[in-house]
Amino acid sequence: MILNYGPRLKRFAYSPMERDKRINILTGSVRSGKTWALHPKILQACRYNVSGWRVLTGVTKQTIFNNVLNDLFNLIGPSNYSYNHQSGMLRLFDSSWLVMGAKDEGSEKYVRGLTVGVAVGDEVTLMPQEFFQMLLTRMSPDGARFYGTTNAGVPMHWLKTEYLDNQALRTAGLLWSAHYTMEDNPNLSQEYIEAQKQLYTGVFYQRYILGLWVVAESSIYRDVLGPQCKYDDTSRPEGLENQRVQRYIFVDYGTINPCVFLEAFDDSRTVWQDREYYWDSAKEMRQKTDAEYADDFDAFVGSEKRGLIVIVDPSAASFKLELVRRGYQVKNGENEVLEGIRRVSAALNIGLYRIHAKNCPMTIKELEQYAWDGKAAKRGEEQPIKDHDHTPDALRMGVMKVIPKYRLG
């Protein structure tokens with residue numbers, strides 16, 4: 001494996017750690033080479049003369065492995081490392097590291113009491129502020145260094161306001177940061193870069209392609225709900241349900257809230273959402289039991305169940321059990337909201353996911369009304385409003401399960 005860098009990333013990757021600042025953060029677009037540039041720093045840190053622990057951190061141990069360690073291990077070879085996935089104990093050459101997740105506020109307990117000499121953070125904006133601050137307080141040795149990467153988020157995020165925009169830290173010589181785009185990564189072809197630019201519009205383009213810290217405002221899917229993601233009987237593939245396609249039903253289960261079933265066919269090129277079921281107990285003034293919803297599900301599915309895969313909200317345990325009892329193949333949906341929204345937006349934008357406009361009116365209506373939470377954005381958080389979100393939730397969980405990243409180019 002060859003380490004190949006553009007001139008800007010190369011200057012960072014190979015600068016001696018002794019010359020680096022106490023806090024070093026790489027920001028910018030996706031696929032700009034930020035994480036790749038951490039590998040030389042990690043290797044330098046193995047022999048860097050500083051006391052205390054060497055720490056690798058991110059959302060979870062698994063994301064750290066996926067994003068950082070897997071490539072690093074391929075680079076150095078199996079004889080030069082050992083790693084315990086459960087404990088997080090890592091040996092790189094003759095140095096010891098501790099790998100730890102930081103997915104919620106309680107994670108800061110993992111660094112309490114530690115003395116940290118070197119810390120490397122993957123996707124810093126996804127870390128809780130309490131964890132990040134606690135980690136910095138543990139970096140007491142002379143020459144301690146923090147290296148982090150992140151994509152852009154809301155401009156009110158604590159990392160942006162309290163660190164990246166903190167001129168006092170820069171003046172004191174404590175902070176260095178730089179912004180990178182895909183053009184800084186020489187490993188990407190121009191064809192790939194142009195293809196990525198076609199995936200996104202609006203805030204997602206500004207964030208993922210330009211790497212800008214911008215507010216996600218108003219309707220979430222406003223910029224992608226064009227004719228490319230809708231179809232009708234005239235443009236529907238003939239005999240879609242009878243072809244050799246994978247049939248899915250995506251379920252967002254609700255008793256007090258609406259219950260949604262979305263039928264979709266995947267022909268390996270396009271996912272066609274062909275029908276929907278929508279029961280709003282508040283509007284209908286009658287709640288249904290698991291058994292009643294399962295009866296409705298049977299009617300919605302029809303007589304042909306072969307090959308059907310049902311994707312259900314992981315929290316709907318009792319309804320999943322009822323479906324399993326009735327002979328359905330049930331899988332948990334993936335409930336990663338922000339990544340799911342990004343992937344849905346890209347799939348809709350390029351027409352990879354298409355919706356039958358006449359058969360799925362509630363899906364179209366709720367996608368148009370699905371909006372970002374402005375109050376949360378002011379707190380530096382990014383999340384949708386919990387309203388008009390039932391078909392969007394079902395669609396998002398389904399897309400996360402059936403449209404992997406490679407299908408988006």
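Taken together, the values in this text are just the output of simple stated rules run on the coordinates, not laboratory data. Being a predicted model, the structure only gives us computed values, none of them experimental. When we count neighbours, we look across all protein chains shown, and the Cβ atoms used for this are built from the backbone with ideal geometry, even at glycine.
Miscellaneous remarks
- To the nearest ten degrees, helix 337-349 and the longest principal axis of the Cα atoms of the chain are 60 degrees apart.
- Pairs with C-alpha atoms separated by more than 30 Å, drawn from the list LYS160/LYS320; LYS61/LYS160; LYS305/LYS405; LYS283/LYS320; LYS160/LYS230; LYS197/LYS320, are LYS160/LYS320; LYS160/LYS230; LYS197/LYS320.
- Spin-label model distance (nm) - ASP280 vs SER140, 7 Å beyond Cα toward Cβ: 5.9 nm
- Electrostatic bookkeeping for PRO404 treats Lys and Arg as +1 and Asp and Glu as -1; over the other residues with beta carbon under 11 Å from its beta carbon, the sum is +3.
- Long-range amide H partners of TYR353 with built H, under 5 Å: VAL271, LEU348
- Measuring r between the beta carbons of THR115 and THR289 and using R0 = 56 Å, the FRET efficiency lands at 0.50.
- Long-range amide H partners of LEU56 with built H, under 5 Å: LEU98, VAL99, MET100, VAL120
- Here is the list for the range 304-409: GluC sites (Glu not before Pro) lying in DSSP coil, each with at most 14 other C-beta atoms within 10 angstrom of its C-beta, are GLU304, GLU336, GLU381.
- Calculated from backbone phi, Karplus (6.51, -1.76, 1.60) coupling profile of the range 221-231 in Hz, x at Gly/Pro: 9, 3, 7, 10, 8, x, x, 5, 10, 10, 8
- Shape category assigned to the range 285-358 from the gyration tensor of Cα positions, a/c cut at 1.5: prolate
- Here the Karplus curve 6.51 cos²θ - 1.76 cosθ + 1.60, taken at θ = phi - 60°, turns the phi angles of the range 317-328 into couplings of 4, 5, 6, 4, 4, 5, 5, 4, 4, 8, x, 8 Hz, with x standing for Gly and Pro.
- Each Lys or Arg adds one and each Asp or Glu takes one away; over the other residues whose Cβ falls under 15 Å from the Cβ of THR234, this sums to 0.
- Amide hydrogen proximity for TYR180: with H placed 1.01 Å from N in the peptide plane, the residues at 5 or more positions away or on another chain lying under 5 Å are THR27, GLY28, SER29.
- Cα long-axis angle, helix 290-301 against the chain (0 to 90 degrees, to the nearest 10): 80 degrees
- Counted charge near SER218, where neighbours are those whose Cβ lies closer than 13 Å (Asp, Glu -1; Lys, Arg +1): -3
- Cα gyration tensor shape of the chain, rounded if a/c is under 1.5, else prolate or oblate by comparing a/b with b/c: prolate
- Trypsin sites (Lys or Arg not before Pro) lying in DSSP loop within the range 155-259, provided at most 11 other Cβ fall within 10 Å: ARG244
- Within the chain, antiparallel bridges make up roughly 40 percent of the DSSP beta bridges whose residues both belong there.
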